[in-house]
Amino acid sequence: MASTDTTTEAVAKTDDLAGLEAGLDALDSVQVRRTPVREVLGRKVLPPLVAVALVLVVWQVLVWAKITDEYKLPPPAAVWDSLTTMWLEGTLLGVLWTSVSRALLGFVMALAIGTPLGLLVARVRFVRAAIGPILSGLQSLPSVAWVAPAVLWLGLNDSMMYAVILLGAVPSIANGLVSGVDQVPPLFLRAGRTLGANGLRGAWHIVMPAALPGYLAGLKQGWAFSWRSLMAAEIIASSPELGLGLGQLLENGRNNIDMPGIFLAILLILIVGIAIDLLIFSPLERAVLRRRGLLVKS
Amino acid sequence: MATTFAEAEDRVAVSHAARIDHVSKSFAGPTGQQLVLDDISLDVAPGEFVTLLGASGCGKSTLLNLVAGLDRPTVGSIETPGGRPALMFQEHALFPWLTAGKNIELALRLRGVAKNERRGEAERLLELVRLSGAYGKRVHELSGGMRQRVALARALAQDSDLLLMDEPFAALDAITRDVLHDELTRIWRETKLSVLFVTHNVREAVRLAERVVLLSSRPGRIARQWEIGIPHPRRIEDAAVAELSVEITEELRGEIRRHGQH
Ligand SMILES: Nc1ncnc2c1ncn2[C@@H]1O[C@H](COP(=O)(O)OP(=O)(O)OP(=O)(O)O)[C@@H](O)[C@H]1O
Ligand SMILES: [Mg+2]
């Protein structure tokens, strides 16, 4: 052992190093700050509200200017009247629920099929060569195309709706996962291997979490496709047994030449699509990206 | 590190932490097989700190990957009696979906440490690299130097006898690098690990190592070795470090010059 003298000296030196290090860490650390509510309101909430108000104003001005017949361009107030009528009749929530529940259930089924399919395509070379290109090609096929065969195969019922949703959403979800897995940095895979994460353990601990952002982007797109496919199916295939959804509402408006009804249906379809994205997918994606420091604050 | 008596005896019983035995490695290049490493033989003794020094592209990373078992030699064999070595990369390679503490716990888990022991062990390792407060921090919230220290803690979590380091401090500023040199030396002396450290920085090599191995380029061969007898604690600006660095740099330049002559 060293003499007492050199020991104290060594201790002093270690303290010195610790202090230096603490100083460097403090100087170099990133300060994370939460955005105050007022700033969020001013920067995120206000602009879209202004845009919506502006659209309403232009719309009303066009109606006043009588640029076309009123049955072609109803005033905003008429659309509002349709909405309150539906609300008072008690049909509004029912119609919304019919479509939203269908779309969400279809989406969950697409998730259950698309995820394992994506994993297979990403990890098994033969499967990728066999169906990879078809899967990406399917994304550009409009899902309306599936309505006709689905009606003939399955008849006018809910299963036909779900079939159309699945054909629209499964490729998006699977492709999102595939590109997520493809973009996993090789460094993570090598780091995982040196830690002993091979095979299934590597897939579970490294590949899946690393691919999560790509997967979530796929889910987001998958939802958009689910919703669009369902609307296409509901507009084309209407039958009393199917119940009244938003698509049928639109189709009924056309049959009755009820322009306010058509506008209302379009607005509701738009609002539901945006709302689900804003309430579920965007927060999920942002949370994941923020935790990884991938969200750039503008 | 908690070592039982039997284990300690085991470690004494083997004469090397790594044995690289007549190893060659070639890759398929545009002009046929390209020989990158040529007949490398090198032993790292238990507890020894060896730096591999060489010009860019001479095959240092390739050799380290072979020792780590990430790739196989074309000819020859590599033994690491202590099991799979720990490896630290030039980039921190921490997983951004986990906190600093959980990165270390993942290494512990993959090593088979019981669930209820992981947290305490991770905190002990963070304390060892003097980052006690960083357990819950995300990777992006840490500075470059802190990231490399967490990466070091994660490598130590593998509890391997042999630590491989591939230019782990190359991306850091000089002040931070200097501090981490002191840290690494302290940890190496505390843990009695064997270290094989790759760098192209001559002073870093001399500052840290007990033995410096100079690799030539194209193909990589062991050109010369130096035993570094300078006593610890060393500083990068010590006269003895500087003097030896000048000598080794001359030799390294000679190696590089040879390539310009034909
Ligand atoms: N997988 C590979 N396939 C083909 N050639 C490779 C491969 N890996 C490395 N090489 C070649 O081997 C040579 C040595 O590469 P290596 O990365 O080991 O060098 P290095 O000494 O680590 O260089 P640096 O200091 O830049 O990190 C280079 O010429 C490189 O092009
Ligand atoms: Mg390298």
Per residue convex hull volume, Cα atoms of segment A:142-298, in Å³: 142
Choice from A:THR115, A:THR91, A:THR68 with maximal GNM fluctuation in chain A (Cα, 10 Å cutoff): A:THR68
Dipole of the protein assembly as shown, positive direction: furthest Cα of A:GLN139, A:LEU289, B:ALA157, with charges on the beta-carbon: A:GLN139
Given labels modelled 7 Å from the Cα in the Cβ direction, how far is it in nm from A:SER136 to A:LEU289? 2.2
In nm, to one decimal, how far is the B:THR74 label point from the A:ILE236 one, both placed 7 Å along Cα→Cβ? 5.9
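Using the crude model of +1 on Lys and Arg Cβ and -1 on Asp and Glu Cβ, and no other charge, please compute the dipole size for segment A:94-293 relative to its Cα centre, in debye to 20.
Working: 14 positive and 8 negative charges, 247 e Å.
In debye, rounded to 20, segment A:94-293 gives about 1180.
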Largest-first ellipsoid semi-axes for chain B, taking √(5λ) over the Cα gyration tensor eigenvalues, angstrom: 30, 21, 19
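When the chain is fully extended, how far beyond the present Cα-Cα distance does A:ILE266 get from A:ASN198, taking 0.36 nm per residue of separation? Walk me through the numbers before you get to the answer.
Working: separation 68, 0.36 × 68 = 24.48 nm, distance 5.06 nm.
Gain in length upon complete extension: 19.4 nm.
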FRET efficiency estimate (nearest 0.05) - Cβ-Cβ, A:LEU49 to A:ARG125, R0 56 angstrom: 0.65
Rh (Kirkwood; distinct C-alpha pairs) - segment B:95-159, Å: 11.2
Rank A:LEU177, A:LEU83, A:MET160 by how far each Cα sits towards the positive end of the charge dipole of chain A (+1 on Lys, Arg Cβ; -1 on Asp, Glu Cβ) and give me just the farthest. A:LEU177
For peptide B:220-232, the mean count of other chain Cβ atoms within 10 Å per residue Cβ is 0
Quick one: Karplus J couplings for segment A:35-52, per residue in order, coefficients 6.51, -1.76, 1.60, θ = phi - 60°, nearest Hz, x for Gly and Pro? 6, x, 4, 4, 5, 4, 4, x, 9, 10, 8, 4, x, x, 5, 4, 4, 4
Test of understanding: express the Cα radius of gyration of the protein assembly as shown as a ratio to 2.2 N^0.38 Å, with N the residue count. 1.33
Please get the size of the charge dipole for the protein assembly as shown, origin at its Cα centre, with Cβ charges of +1 on Lys and Arg and -1 on Asp and Glu, quoted in debye to the nearest 20. 1000
Zone residues, segment A:115-138, relative to A:TRP153, backbone N less than 16 Å from point 7 Å out along Cα-to-Cβ: A:135, A:138
Kindly state, to the nearest 0.05, the FRET efficiency for A:TRP87 paired with B:HIS140, given R0 = 56 Å and r defined as their beta-carbon distance. 0.75
Rank B:ALA240, B:ALA114, B:ALA86 by mean-square fluctuation in a GNM of chain B with C-alpha springs under 10 angstrom and give only the top-ranked residue. B:ALA114
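Tell me, what is the FRET efficiency for B:ARG119 and A:GLN60 to the nearest 0.05, using R0 = 51 angstrom and their Cβ-Cβ distance as r?
Working: r = 63 Å, r/R0 = 1.23.
E between B:ARG119 and A:GLN60, to the nearest 0.05, is 0.20.
For chain B, what relative contact order do you get, as a whole percent, if you take Cα pairs closer than 8 Å and at least 6 residues apart? All intermediate terms of the calculation are to be shown ahead of the outcome.
Numbers: 463 pairs, mean separation 65.5, N = 262.
Over chain B, the number comes to 25 percent.
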Normalized C-alpha radius of gyration of chain A, against 2.2 N^0.38 Å? 1.44
Determine the shielding of peptide A:191-203 by partner chains: average, over its residues, the number of Cβ atoms on other chains within 10 angstrom of each Cβ. 6
Among B:ALA239, B:ALA45, B:ALA151, determine the one that fluctuates most according to a GNM of chain B built with springs between C-alpha atoms less than 10 Å apart. B:ALA239
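Where a number appears in this text, it was derived from the coordinates with a stated rule and is not lab data. It should be emphasised that the depicted structure is a prediction, and the values quoted were computed from it without experimental measurement. Cβ atoms come from the backbone with ideal geometry, glycine included; neighbour counts cover every protein chain shown.
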